[in-house]
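The values are calculated or read from the model by the stated rules, or taken from the named source; none is laboratory data. Because the structure is predicted, anything quoted here is derived from the model rather than measured. Positions of Cβ are generated from backbone atoms using ideal geometry, with glycine treated the same way; all protein chains shown enter the neighbour counts.
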Amino acid sequence: MNPFQSVYELIGEEKIRLLTAYFYQEVSQNRELRKLYPEEDLKPAERRLYLFLLQVFGGPQSYSEERGHPRLRLRHLQWQINPDLRDHWLNAMFSAMDKLQLDPNVKELMMGYFIKVANHMINHE
Ligand code: HEM
């Protein structure tokens, strides 16, 4: 089991739901991130991230039932993700995390996960 899979049990479904809601509030206020979403309504994207995080953090596996194999890097090739855009994404996620009361050890675990995956999404200089 990878260590991230303990997060679901440690913080619970409701905090993961709030995390994605806060994250998308940040996206809606960030010009660089917001312009990646042509749709008016960010809720469907919020739900996809929510289901994905439930799954990677060790909760229900409904993301894959709905969306198939995540293939995250491949799915992100449609946007030019450089280190600057990665930082916007990570800052939005860290601001969202700051709104939750998280145990410092869990927070570190989650930050490590997000940094690792965000670095992996870089496909442009
Ligand atoms: C590094 C900068 C990143 C940028 C600019 C970015 C941008 C985006 C955008 C614009 C979407 C489309 C939203 C939608 O309609 O679902 C998306 C989808 C998604 N992103 Fe990212 N993302 C980044 C990093 C990450 C990271 C670090 C994760 C995971 C920890 C992640 C997980 C996802 C997931 C699960 C989806 C939905 C995929 C699907 O089922 O179609 N992204 N991302």
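Hey, any hits in region 89-99 for a residue that's within 11 Å of the ligand (Cβ to nearest atom), of a type in the set (D, E, K, R) and either closer than 19 Å to residue 3 by Cβ or touching a residue at least 24 places away in the same chain (Cβ under 8 Å) (or both)? No - not one qualifying residue is present in region 89-99.
In region 75-86, the residues that are assigned to a loop (DSSP other than H, G, I, E, B) never reach a residue that is among the aromatic types (Phe, Trp, Tyr) and more than 8 Å from the ligand (Cβ to nearest atom) with C-beta atoms less than 7 angstrom apart, at least six apart or across chains. For beta carbons closer than 8 Å, sequence separation of 6+ or different chains, a first residue in region 9-38 that is without any contact (Cβ under 8 Å) to a residue 24 or more places away in the chain and a second that is part of a helix (DSSP H, G or I) and of a type in the set (Ser, Thr, Tyr), the qualifying pairs are 34/28.
Of the candidates 93, 111, the single residue that is out of contact with any Gly (no Cβ under 8 Å at 6 or more places or on another chain), farther than 17 Å from residue 27 by Cα and at pLDDT 95 or above is 111.
Residue count for region 63-86, restricted to those that are surrounded by 13 or more Cβ atoms within 10 Å (Cβ to Cβ) and of a type in the set (Asp, Glu): 0.
If you check residue 60 against the conditions, is it surrounded by fewer than 17 Cβ atoms within 10 Å (Cβ to Cβ), over 12 Å from the mean Cα position of the chain (by Cα) and either part of a helix (DSSP H, G or I) or more than 12 Å from the ligand (Cβ to nearest atom) (or both)?
yes
Within the bounds of region 30-46, is there any residue that is closer than 16 Å to residue 5 by Cβ, near the ligand (Cβ under 8 Å from one of its atoms), out of contact with any Lys or Arg (no Cβ under 7 Å at 6 or more places or on another chain) and in a helix (DSSP H, G or I)? Checked region 30-46: no residue is closer than 16 Å to residue 5 by Cβ, near the ligand (Cβ under 8 Å from one of its atoms), out of contact with any Lys or Arg (no Cβ under 7 Å at 6 or more places or on another chain) and in a helix (DSSP H, G or I).
Taken over region 81-111, the criterion of being out of contact with any His (no Cβ under 6 Å at 6 or more places or on another chain) and farther than 21 Å from residue 46 by Cα is satisfied by 83, 84, 103, 104, 105, 106, 108, 109.
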